[in-house]
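*Asks:* This is the structure I want to talk about, given as structure tokens.
The values are calculated or read from the model by the stated rules, or taken from the named source; none is laboratory data. Everything numeric in this text was worked out from a predicted model, so none of it was measured. A quick note on method: Cβ atoms are made from the backbone with ideal geometry, for glycine too, and the neighbour counts reach across all protein chains shown. Accessible surface is based on the protein model in full, side chains and every heavy atom, while ligands, DNA and RNA are left aside. Shrake-Rupley method; radii C 1.70, N 1.55, O 1.52, S 1.80 Å.
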Amino acid sequence: MSEKNREAKRSARERLQQERVADAAREKRRRTLIMAAAVAGVLGMVGVVGVIAANVKKDRGAEAAAAVSAPSGVSGKDDLAIPVGATDAPSTLTVYEDFRCPACAQFENGFRSVIHELERAGELKVEYHLATIIDGNMGGTGSLRAANAAACAQDAGKFPAYHDLLYANQPMETDDAYAQNGKLLELAGKVDGLESAPGFRQCVEKGEHDRWVGKAAEAFRTGGFSGTPTVLLNGEAVFPKKGAEDITPGNLKKWVQEANKGRKPGTATPTAPSSIPADGPQRGPDEAPASEPASGAVTSVPGAATEPQAQPGTLPAA
């Protein structure tokens with residue numbers, strides 16, 4: 001073989017060897033890129049999972065923060081009613097009211113004695129639904145703040161006495177005095193054991209039941225009611241009339257007794273009768289007792305309204 005041919009073959013072998021080395025290098029680079037991409041993908045998935053987990057945790061935290069804190073012992077649809085009286089009483093009085101509403105105060109102060117009498121006898125239970133329409137109509141937050149404080153009193157087992165005291169001391173409708181937690185706590189000091197009840201002050205000051213009150217107020221607003229007070233006896237409207245008869249303490253008692261004819265009084269009482277003062281809410285030494293109606297008419301609360309009969313609180317036009 002000529003020297004020229006041997007040189008050509010050697011060059012061919014060297015080129016082949018160089019190509020194999022280049023191919024091996026390319027394969028190594030390809031595998032490295034594939035591995036890097038796989039690692040990046042895994043890390044990316046970990047990051048995505050981390051972001052999703054963080055968002056879920058954040059959403060759950062927001063949900064927990066936005067949870068509605070209902071007062072203890074509530075009942076009815078969506079737990080929006082505060083019950084007073086025997087749970088198995090044969091008749092139920094459903095009352096929708098606003099602590100700033102003058103007509104609500106006239107109803108509560110005029111009918112307090114007969115309602116508590118019927119409660120103690122096991123003939124009637126009352127379910128209170130709290131509204132805040134005066135805040136919406138007049139501005140301010142007194143309806144909300146008072147309702148929250150009343151819900152806090154329910155936690156302490158003192159709702160009936162505190163409820164009555166708020167109405168007995170209701171300020172003028174245009175005076176948003178109940179927007180001040182200090183005023184609400186001052187009145188709580190006149191209910192035995194309420195102001196010092198564990199957690200009560202904190203509940204009032206932090207508005208622990210504000211969202212529950214808002215939910216109750218929204219249920220009233222969308223419930224087809226025209227204003228406060230709305231009073232139903234066994235589901236039938238009785239304020240200001242039941243059929244052709246005006247509501248009076250005497251008539252209310254008669255209507256309850258007629259509805260209960262042949263039925264046994266209730267005995268299961270979640271709210272102890274002792275928490276419902278027989279003579280109405282407790283009063284300070286400088287306060288006059290709320291007057292009881294002599295002829296059955298609804299009386300007014302001093303300072304609550306200047307006219308003999310306040311107009312019910314009405315919902316604003318949609």
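*Asks:* Tell me, what is the per residue accessible area of the stretch 150-243 in Å², probe radius 1.4 Å?
*Replies:* Value returned for the stretch 150-243: 42 Å² of accessible area per residue.
*Asks:* Then there's this: Once you put a point 7 Å from the Cα of D175 and another 7 Å from the Cα of D79, both along the Cβ direction, what distance in nm separates them?
*Replies:* Spacing of the two 7 Å Cα→Cβ label points: 3.7 nm.
*Asks:* When only the heavy atoms of the protein chains count and the probe is 1.4 Å, how do K215, K206 rank by accessible area, highest first?
*Replies:* Of K215, K206, the descending order of accessible area is K206, K215.
*Asks:* Find the all-direction average of the projected area of the Cα convex hull for the stretch 161-212, expressing the result in square nanometres with one decimal place.
*Replies:* Computing the convex hull of the Cα atoms and averaging its projections yields 3.9 nm².
*Asks:* Let me ask something additional. In Å², and per residue, what accessible area does the stretch 81-125 have when probed at 1.4 Å with the other protein chains present? If you can, show how the numbers build up before the last one.
*Replies:* Numbers: 740 Å² over 45 residues.
Per residue, the stretch 81-125 has 17 Å² of solvent-accessible surface.
*Asks:* Going by average Cβ density within 10 Å per residue, which order do the peptides 91-98, 191-198 take, highest to lowest?
*Replies:* Listed from highest to lowest mean packing, they are 91-98, 191-198.
*Asks:* Tell me, what is a quarter of the convex hull surface for the C-alpha atoms of the stretch 70-120, in nm² with one decimal?
*Replies:* Hull-based average projected area comes out at 4.2 nm².
*Asks:* Give me the percent of the accessible area of the stretch 105-177 that comes from carbon and sulfur atoms, probe 1.4 Å, all protein chains in place.
*Replies:* Carbon-and-sulfur percentage of accessible area, whole number: 47.
*Asks:* Mind scanning K206/K254; K183/K253; K125/K241 and naming the pairs with a C-alpha gap bigger than 31 Å?
*Replies:* Listed pairs above 31 Å: K206/K254; K183/K253.
*Asks:* With every protein chain in place, what's the accessible area of K190 (1.4 Å probe, Å², nearest 10)?
*Replies:* 50 Å²
*Asks:* Still on this structure, please answer the following. Calculate I(q)/I(0) for the stretch 93-192 by the Debye formula, one identical point scatterer on each C-alpha and no solvent, and give its log10 at q = 0.11, 0.15, 0.20 Å⁻¹ to two decimals.
*Replies:* For the stretch 93-192 at q = 0.11, 0.15, 0.20 Å⁻¹, log10 I(q)/I(0) is -0.30, -0.56, -1.00.
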